[in-house]
């Protein structure tokens, strides 16, 4: 039997369907059939694209694992395929596949091709970095390369296969369905993964903290003390301390997170504790990507502890996503939706819209707040007693 293309199969189906409709509703034009075929083919492509969209993240992880951005950057000019292949730590039998990997990465915007003048008036093309791949360089001050080993580890990937099962059971998260425990306890039991996770959070903190200082510097002016709740290894506090030497910073996190950490600045101290029990007193409390990890009830408890900790003239500074801004571009909105799904799969939290933030803040005992959407995916929220 002759093999038919998808287009022929769909056209045949539509033609047969419309012939049957003729008897009831009259004749149908060829243009009508073509229009339906085009819509069906577009729908087919959309489904395939979403089924295979994980390939973008997996090929990007491969590029980071092989240090492709660093190799191209070190070359210092557009890098021909032959030079790239020769520089990669790969088996000789795999050299013929690199152009296919790079083709996907070019399509997803992480590399580009640029013409290279050659002898005899011929032209070659070479790979160059884009703005996105510059952030994957390991020695870039705002490098995001550390996100890949942790967030694309199998322990974070497998829970996505449990989402449909999770909807039918009583488990708190798909992560729990897959691993039999919550994410925080799992990380405590795996020091290596915990280290990778902390590195990932630290790299994102460095990125956002620099933006905060650059675009929202006034938020920290006049403060004498600040507690960075859930501050991890102190990435955010270091940036604040460098920019505002007059602020005494406390990095407050679980005891096992801060154990053994030594201050690198005279105005930074590490304190272990539980934010649900008590938070050290200060002019200001910083909550960066903390509340999205928790449900509303737990968030209110955290905010209550924050209010107890700040002085009467103090404030709480929150860095989080504020969802559903109609003016936001498609890519930004889609990324926020993806991050919200992460919160559903890994922990019991969520990303919140402005109305949900308002309800949460008022329930936490604060009378006034201000939202500044100036940090890309994130917003800066200031709470006042």
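One line per residue, one yes/no per condition, for (1) surrounded by 20 or more Cβ atoms within 10 Å (Cβ to Cβ); (2) over 25 Å from the mean Cα position of the chain (by Cα):
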| residue | (1), (2) |
| --- | --- |
| 216 | no, no |
| 221 | no, yes |
| 226 | yes, yes |
| 235 | yes, no |
| 242 | no, yes |
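So that you can scan it fast, the table gives a plain yes or no per residue for (1) modelled with pLDDT of 55 or more; (2) on the phi < 0 side of the Ramachandran plot; (3) not assigned by TED's automatic domain parsing to the domain that holds residue 103:
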{"site": "13", "(1), (2), (3)": "yes, yes, yes"}
{"site": "27", "(1), (2), (3)": "no, yes, yes"}
{"site": "34", "(1), (2), (3)": "yes, yes, yes"}
{"site": "41", "(1), (2), (3)": "yes, yes, yes"}
{"site": "61", "(1), (2), (3)": "yes, yes, no"}
{"site": "65", "(1), (2), (3)": "yes, yes, no"}
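Count of region 244-262 residues, restricted to those that are touching a residue at least 24 places away in the same chain (Cβ under 8 Å) and in a loop (DSSP other than H, G, I, E, B), is 3. Residues in region 89-100 that are surrounded by fewer than 16 Cβ atoms within 10 Å (Cβ to Cβ) and in contact (Cβ under 8 Å) with a residue 12 or more places away in the chain: 89, 90, 99. Which residues, taken from region 84-121, are over 15 Å from residue 63 (Cα atoms) and assigned to a loop (DSSP other than H, G, I, E, B)? Those that are over 15 Å from residue 63 (Cα atoms) and assigned to a loop (DSSP other than H, G, I, E, B): 91, 118. Can residue 317 be described as crowded, with 20+ Cβ neighbours inside 10 Å and over 26 Å from residue 354 (Cα atoms)? For residue 317, the condition - crowded, with 20+ Cβ neighbours inside 10 Å and over 26 Å from residue 354 (Cα atoms) - is not met. If you check 136, 187, 142 for being in a loop (DSSP other than H, G, I, E, B) and surrounded by 18 or more Cβ atoms within 10 Å (Cβ to Cβ), only one passes: 136.
When each of 153, 171 is tested for being assigned by TED's automatic domain parsing to the domain that holds residue 346, surrounded by 14 or more Cβ atoms within 10 Å (Cβ to Cβ) and over 23 Å from the mean Cα position of the chain (by Cα), the lone residue that passes is 171.
Among the residues of region 71-82, is any within 23 Å of the chain's Cα centre (by Cα), part of a helix (DSSP H, G or I) and surrounded by 13 or more Cβ atoms within 10 Å (Cβ to Cβ)? No, because not a single residue in region 71-82 is within 23 Å of the chain's Cα centre (by Cα), part of a helix (DSSP H, G or I) and surrounded by 13 or more Cβ atoms within 10 Å (Cβ to Cβ). Just one of the numbered conditions (1) assigned to a helix (DSSP H, G or I); (2) touching a helix residue (DSSP H, G or I) at 6+ places or on another chain (Cβ under 7 Å) is not true of residue 241: (2). If we keep just the residues of region 40-59 that are under 20 Å from residue 154 (Cα atoms), free of Cβ contacts under 8 Å to residues at least 24 places away in the same chain and part of a helix (DSSP H, G or I), which is nearest to the chain's Cα centre (by Cα)? Checked region 40-59; the qualifying residue nearest to the chain's Cα centre (by Cα) is 54. Output the residue which, of all residues in region 263-275 that are touching a helix residue (DSSP H, G or I) at 6+ places or on another chain (Cβ under 6 Å) and in a loop (DSSP other than H, G, I, E, B), is modelled with the lowest pLDDT. Here the answer is 265. Could you tell me which residue of region 271-303 is surrounded by the most Cβ atoms within 10 Å (Cβ to Cβ), considering only residues that are out of contact with any strand residue (DSSP E or B) (no Cβ under 9 Å at 6 or more places or on another chain) and free of Cβ contacts under 8 Å to residues at least 40 places away in the same chain? Selected residue: 301.
The values are calculated or read from the model by the stated rules, or taken from the named source; none is laboratory data. Values in this document were obtained by computation on a predicted structure and should not be read as measured data. As a convention, Cβ positions derive from the backbone with ideal geometry for all residues, glycine included, and neighbour counts pool all protein chains shown.
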